[in-house]
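The values are calculated or read from the model by the stated rules, or taken from the named source; none is laboratory data. Just so you know, these numbers come straight off a predicted model, no measurement behind them. Reconstructed Cβ throughout: ideal geometry from the backbone, glycine too, with neighbour counts over all protein chains shown.
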Amino acid sequence: MYHDLSANLNRRTTFLYLSILSILSLSKPPITTYPCIANILSLSWSRKDIIMPWFSDHFIQLIIRPDHKTVFSDFYDHADLDNFFCTLFTLPGLLWMRTNREAGFFTVFSDYIEHMIQKGYALEACLDRYYFKFSYSYHRRHFIHSTLVYGFDREKREIYIADFWNNGKYKQKAVSYEEINASLNNNW
């Protein structure tokens, strides 16, 4: 399918320069077992009073599956569905959509990030840590992992991401525009 990028260029260019800094608010998530859990809870945990009843219903019971090949224990709702649909998508007030970078007619991932963050959306993207200078995998091995993208600073040319860094601990980091674009646009 052919998309005429020039028809969207003026509208996109005007929109992208509305702000040079945009960072969505994150809190330390109470549970950091899987990216989908940690990412969504870090975005919503600042509204504990609103989500606590839902949280209590979804993260109290545990299930142990000694014969499962990869996940031996998990929260009951999540494990019961065998990870095909994460029940976090039922979180009150959560708006989510599945999309791809062609949806906005952007040529580089960092432009798409700016567009979505300015609209108030965080992104969860599978990024290759091989391209992140702070990562243990940097120029050693390709390691693609689901990562939360929650902000940018155009002046510093940084994108803000959160994932399980530092020996598996959920942390926030900054990467350059070049690093984020390379982490998605590679042939590995």
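Overview of values
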{"quantity": "Subset tally (residues that are touching a residue at least 40 places away in the same chain (Cβ under 8 Å) and assigned to a strand (DSSP E or B)) for region 145-170", "calculated": "15"}
{"quantity": "Given (1) modelled with pLDDT under 85; (2) among the hydrophobic types (A, V, I, L, M, F, W, C); (3) under 21 Å from the mean Cα position of the chain (by Cα), index of the condition F109 fails", "calculated": "(1)"}
{"quantity": "Options Y130, Y160; residue that is closer than 22 Å to I20 by Cβ, modelled with pLDDT of 95 or more and among the hydroxyl-bearing types (S, T, Y)", "calculated": "Y160"}
{"quantity": "Condition broken by N83, with the remaining ones in (1) in a loop (DSSP other than H, G, I, E, B); (2) within 30 Å of R154 (Cα to Cα); (3) modelled with pLDDT under 65 satisfied", "calculated": "(2)"}
{"quantity": "Residue within region 16-23 that is surrounded by 10 or more Cβ atoms within 10 Å (Cβ to Cβ), within 16 Å of the chain's Cα centre (by Cα), at pLDDT below 65 and closer than 22 Å to V175 by Cα present", "calculated": "no"}
{"quantity": "Residue within region 171-181 that is surrounded by fewer than 21 Cβ atoms within 10 Å (Cβ to Cβ), in a loop (DSSP other than H, G, I, E, B) and either under 13 Å from the mean Cα position of the chain (by Cα) or of a type outside the set (S, T, N, Q) (or both) present", "calculated": "no"}
